[in-house]
Amino acid sequence: MADQRKNRALLIVNYDFYRSPDGLPARPGAVKEADRLFKALSDCNYAVQLHYDLTAEEIQELYEKECDADHGDYFVSILSSHGEEGIIFDCEGQPVMLTQIFEALSLPRSHKLAGKPKIFFIQACRGNEIDPGVWLQTDSGEPQTDCFSHYLSIPEDTAVMFACSPGYAAFINRWESMFLKALLELLEGENRQLELTRLMTWINWRVALHFEAKGKHSGGKEMPCFVTNMVKEVYPFSSQRRLSSRH
């Protein structure tokens, strides 16, 4: 008999930072899109947990609990908060290392998730620069600083997608963020049937070419990016249960 355990999804949304000593601003738009994300993932056959305004310790405890949970074919997590390169901030403004979260769900700490795709979507700034969306063409030049080096050793069977490129800000307004708006469009449409790298590339295309900031940073752009060490094609949101291997 086929394993009918549901896929699991964990959504962590920090929006009220009143306990932050640095006075991080509230993120009301994050709350509004969280309800849609909960419903969209539920419709994709995920058992979804949604948590708001957690401390670093509470965040770590939630991922530790996932290590002992019974999982279906996939685990998906969405983190929405303020951030900098390599970290998000908890509701008290304290840093949470992303690599610690990724490692918490991998061997030797989590045997129940061994061999199962673990997919993260990170809605948070990775710096303070505003992306002007300038097209560049170059034949040669000095290489850019490697901001991905600490992600190249992510645990096996893990994929991570970021709202923006290293060093840049991720936009969110009072209603929604660019990145998670595109993810919602995908989850609620036919493109959810796509293979993982294709759907992430679709999100890149949607955000980079069709969205731009308004207001204070009018015209500002955003370029999502992802890193994965998957060695098989995976279809995390497809209505058909499939997980293919390629040799």
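The values are calculated or read from the model by the stated rules, or taken from the named source; none is laboratory data. Everything numeric here is computed off the predicted structure, so don't read it as measured data. Cβ placement follows ideal geometry from the backbone for every residue including glycine, while neighbour counts extend to all protein chains displayed. Keep in mind that these areas ignore ligands, DNA and RNA; they rest on the heavy atoms of the full protein, side chains included. Shrake-Rupley method; radii C 1.70, N 1.55, O 1.52, S 1.80 Å.
Which whole-Hz ³J(HN,Hα) couplings does segment 37-45 yield from phi under the Karplus relation 6.51 cos²θ - 1.76 cosθ + 1.60, θ = phi - 60°, glycine and proline marked x?
Coupling constants for segment 37-45: 5, 4, 5, 4, 5, 4, 5, 8, 6 Hz.
Express in Å², to the nearest 10, the accessible area of THR228 obtained by rolling a 1.4 Å probe over the protein heavy atoms while all chains stay in place.
Only protein atoms counted, so the area is about 50 Å².
Estimate the FRET efficiency between GLU61 and GLU190 by the formula 1/(1 + (r/R0)^6), using the beta-carbon distance for r and 41 Å for R0, to the nearest 0.05.
That gives a FRET efficiency of 0.65.
At 7 Å along the Cα-to-beta-carbon direction for both LYS32 and GLU233, put a label point, then send me their distance in nm to one decimal.
If labels sit at LYS32 and GLU233, their model points lie 3.8 nm apart.
Percent of accessible area on segment 59-99 owned by carbon and sulfur, 1.4 Å probe?
46
Taking a point 7 angstrom from the Cα of MET97 along the C-beta vector, which residues in segment 58-88 have backbone N less than 15 Å away?
Under cut-off, by backbone N: 60, 85-88.
Nothing charged except the Cβ atoms of Lys and Arg (+1) and of Asp and Glu (-1): what's the magnitude of the dipole of segment 1-132 about its Cα centre? Round to the nearest 20 debye.
The calculated dipole for segment 1-132 is roughly 540 debye.
What is the pair-distance distribution P(r) of segment 1-109, computed from all Cα-Cα distances in 5 Å bins starting at 0, with each bin given as a whole percent?
Result, from short to long distances: 2, 11, 22, 21, 20, 13, 6, 3, 1, 0, 0 percent.
Over segment 8-66, average the accessible area per residue using a 1.4 Å probe and give it in Å², no decimals.
48
Please give the contour-minus-distance gain from TYR52 to ARG174: 0.36 nm per residue of separation, less the Cα-Cα distance, rounded to one decimal in nm.
42.3 nm is the gain from fully extending TYR52 to ARG174.
Among the lysines, select those whose C-alpha is under 26 Å from the C-alpha of LYS232, and discard any that sit fewer than 8 residues away in the same chain.
Output for LYS232: LYS6, LYS112, LYS116, LYS118.
Considering Cα pairs under 8 angstrom that are at least six residues apart, work out the relative contact order of segment 1-66 and quote it in whole percent.
42
Scan around GLU233 for amide H atoms under 5 Å from its own, H built in the peptide plane at 1.01 Å from N, and keep only partners 5 or more places away or cross-chain.
SER244, ARG246
What list of ³J(HN,Hα) couplings, whole Hz, do you get for segment 100-108 from phi and the Karplus terms 6.51, -1.76, 1.60, once you set θ to phi - 60° and write x for glycine and proline?
5, 5, 4, 5, 5, 9, 10, 4, x
What are the residues whose amide H is under 5 Å from the amide H of SER77, where those residues sit 5 or more places off or on another chain and H is modelled from the backbone?
Those qualifying (amide H under 5 Å, at least 5 residues apart or on another chain) are LEU10, ILE119, PHE120, PHE121.
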